[in-house]
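The values are calculated or read from the model by the stated rules, or taken from the named source; none is laboratory data. The structure displayed is predicted, hence computed values, not measured ones. Neighbour counts run over all protein chains shown; Cβ positions are idealised from the backbone, glycine included. Note: areas computed on protein heavy atoms with side chains; ligands, DNA, RNA excluded. Shrake-Rupley method; radii C 1.70, N 1.55, O 1.52, S 1.80 Å.
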Amino acid sequence: MSATMEEGLKWVTRGYGKGHVKLLHVRREGAVHTIKEYEVSTELTLATDKDYLAGDNSDVVATDSQKNTVYILAKHHGVTSPENFALLLTEHFLSKYLQVTATTVTIREYPWQRQVVDGRAHNHSFIFCPEVEHTCKVSRKRGELPEVWTGLEGMRLLKTTQSSFVNFVQDEFRSLPDMQDRIFSTVVSASWRYAGIQNIDFGKTWITVIKVIKDNFSGPAETGIYSPSVQNTLYKILKDVLIMQPEVLEMKLTMPNKHYFSIDLSKFQNVGTKHNDEVFHPVDKPAGNITATLGRRDLARARL
Ligand SMILES: O=c1[nH]c(=O)c2[nH]c(=O)[nH]c2[nH]1
């Protein structure tokens, strides 16, 4: 069984694996149990393409075997963070199967948190807190260092003041008035690439990024922090993460502007609604779409 590709054609991408392998890992330390629930997707690229061209499966590590590998490595090595588990899997696929030239593992973590009962952390009961989702993607080519991305999704935020949007382009297409004091709401998604993998505490970076986002959006509890635009707040978050976390090489941040429009109730003055600063119309779609990726000019400042 051998075949070559038709004249004039070439592969642009090629890969196969198991999608969405669901896994719950329970670490039992006496009465204290710790859980991690992940959805893991694997992808392998083989040196040969005879599987695609000729139906010759002799180099193929079945997607079913890739699924089993996820369970077996979780059992043998435990599960600490999505990034460490993805690194373990990519390392395993490359070292065990010499016909594999590249592999990518992506993981979505389910946001379980330990329950707190009467102020005390529960030994074995958890609550699902989908306020922010943690994902990661590790890609590794044979002979090269792995590329590690962490992703953060779905962090919905809203503040009722300390946000304005004024002095934007005034022309025949504009209908929006200057807004000196508006509601600011967004659903943050972010992803960041690590400069290396040596001595990186992925969990600590995760906690710092969440704090930087919340600090720049909310500010101090009594006074808040002023935002002249989504763009400006977004830049400040990116800048702070890159300054505070030398292990982060670049970061992408997307902050849709979820509009809450003031409702004009001035027609109803005889029922006492002359000025309305309390009732707003939440508009799901369309939303403003504000995004940027910030990297480093000077790679020497990154912790490679
Ligand atoms: O912070 C904002 N940036 C914009 O670019 C924009 N455009 C818009 O209509 N509202 C806003 N708000």
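Brief remarks follow.
- Accessible area, probe 1.4 Å, largest first, for residues Cys129, Cys136: Cys129, Cys136
- Residue of Tyr226, Tyr97, Tyr52 that the Gaussian network model of the chain assigns the largest fluctuation, springs spanning Cα pairs under 10 Å: Tyr52
- Annotation: the antiparallel percentage among DSSP beta bridges lying fully within the chain is about 100.
- Each part gets one Cα centre, and for the stretch 1-42 versus the stretch 200-275 those centres are 34 Å apart.
- Under 15 Å, Cβ to Cβ, from Val166 - net charge with Lys/Arg +1 and Asp/Glu -1: 0
- Residue with peak Gaussian network fluctuation, the chain [Cα springs, cutoff 10 Å], from Val241, Val117, Val26: Val117
- Efficiency of FRET from Cβ geometry, Met5 and Phe128, R₀ 41 Å, rounded to 0.05: 0.30
- Remark: C-alpha extents of the stretch 1-152 on the principal axes read 71, 28, 25 Å, sorted largest to smallest.
- For the residue pairs Lys75/Lys236; Lys141/Lys258; Lys18/Lys252; Lys67/Lys214; Lys10/Lys36; Lys18/Lys236, the C-alpha atoms sit more than 30 angstrom apart in Lys75/Lys236; Lys141/Lys258; Lys67/Lys214; Lys10/Lys36; Lys18/Lys236.
- Local electrostatic count, Leu94, Cβ distance below 15 Å [Lys/Arg +1, Asp/Glu -1]: -1
- Using alpha carbons only: equivalent-ellipsoid semi-axes of the stretch 115-165, gyration tensor based, whole Å: 33, 26, 8
- Where labels lie 7 Å past Cα in the beta-carbon direction, separation of Leu176 and Leu299 in nm: 3.8
- Accessible area of Arg140 (1.4 Å probe, protein heavy atoms only, ligands and nucleic acids ignored): about 50 Å².
- Working from label points 7 Å from Cα in the Cα-to-Cβ sense, the Gln99 to Arg142 distance is 1.2 nm.
- The chain - percent relative contact order, Cα under 8 Å, separation 6 or more: 12
- When the residues Lys67, Lys22, Lys267 are ordered by accessible surface, computed with a 1.4 Å probe over the protein chains alone, the sequence from largest down reads Lys267, Lys22, Lys67.
- At q = 0.14, 0.27 Å⁻¹, base-10 log of I(q)/I(0) for the stretch 1-77 (Debye sum, equal scatterers on each alpha carbon): -0.61, -1.25
- Computed over the stretch 147-229, the P(r) tail beyond 16 angstrom holds 64 percent of alpha carbon pairs.
- Using the rule -39500 (n - 2.57) for each DSSP H run of four or more residues, divided by the residues of the chain, the 222 nm mean residue ellipticity is -7000 deg cm²/dmol.
- Applying both filters, DSSP loop and at most 15 other Cβ atoms within 10 Å, to the GluC sites (Glu not before Pro) of the stretch 133-233 gives Glu144, Glu172, Glu222.
- Dimensions (Å) - the chain, Cα atoms, principal axes, largest first: 85, 62, 43
- Here the average projected area of the convex hull drawn through the C-alpha atoms of the stretch 66-220 stands at 15.1 nm².
- Charge dipole magnitude, Cβ of K and R +1, D and E -1 - the chain, Cα centre, debye nearest 20: 560
- Taking every alpha-carbon pair in the stretch 202-304 and binning the separations at 10 Å intervals from zero gives 13, 31, 28, 15, 8, 4, 1 percent.
- Accessible-area value, Asp215, 1.4 Å probe, nucleic acids and ligands omitted, Å²: 70
- Take the Cα of Val116, step 7 Å toward its Cβ, do the same at Asp215, and the gap between the two points is 2.1 nm.
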